[in-house]
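Presented below is the structure to which this report refers.
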Amino acid sequence: MPTTMIRRPAVAGQFYPSDPEELRETVDAYLDAADVEPAAARVVTIVSPHAGYVYSGPTAGHAFARVRGKRPARVVLLGCSH
């Protein structure tokens with residue numbers, strides 16, 4: 001059985017808020033600003049950027065607003081350490 005590893009936030013406070021409540025409010029603001037409704041049908045895939053929130057927040061908010069309220073069966077995260 002694979003082991004789940006959780007990476008500690010390396011840039012909290014630099015590219016996104018380090019305070020959990022401020023972070024929650026920031027993410028909610030990007031989701032609320034997206035001019036889309038959650039998808040009615042099953043969503044198979046979304047692609048979202050991962051740059052600092054000031055740069056990629058509106059685009060990521062748009063992608064995640066489409067799946068807001070859904071519970072994914074599986075999440076595959078492809079990324080690099082940079």
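The values are calculated or read from the model by the stated rules, or taken from the named source; none is laboratory data. All values derive from a computational prediction rather than experimental measurement. Neighbour counts are summed over all protein chains in view; Cβ atoms, including those assigned to glycine, are modelled from backbone coordinates with ideal geometry. Accessible surface areas use protein heavy atoms only, side chains included; no ligands, DNA or RNA. Shrake-Rupley method; radii C 1.70, N 1.55, O 1.52, S 1.80 Å.
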| query | Going by the conditions given, is THR4 under 14 Å from the mean Cα position of the chain (by Cα) and either among the β-branched types (Val, Ile, Thr) or in a loop (DSSP other than H, G, I, E, B) (or both)? | reply | no
| Test: GLY52 is on the phi > 0 side of the Ramachandran plot and open to solvent by less than 100 Å² (accessible area, probe 1.4 Å) | no
| message | Of the conditions (1) open to solvent by 100 Å² or more (accessible area, probe 1.4 Å); (2) touching a helix residue (DSSP H, G or I) at 6+ places or on another chain (Cβ under 9 Å), PRO58 satisfies every one except a single condition; which number is it? | response | (1)
| task | Would you mind telling me which numbered condition in (1) of a type outside the set (A, V, I, L, M); (2) touching a Phe, Trp or Tyr at 6+ places or on another chain (Cβ under 7 Å); (3) at pLDDT 90 or above GLY52 fails? | result | (3)
| Do you know which residues across segment 48-74 are over 22 Å from VAL11 (Cα atoms) and part of a loop (DSSP other than H, G, I, E, B)? | ARG66, VAL67, ARG68, GLY69, LYS70, ARG71, PRO72, ALA73, ARG74
| message | Could you check segment 1-17 and list, in sequence order, the residues that are open to solvent by 100 Å² or more (accessible area, probe 1.4 Å) and at pLDDT 85 or above? | response | GLN14, PHE15
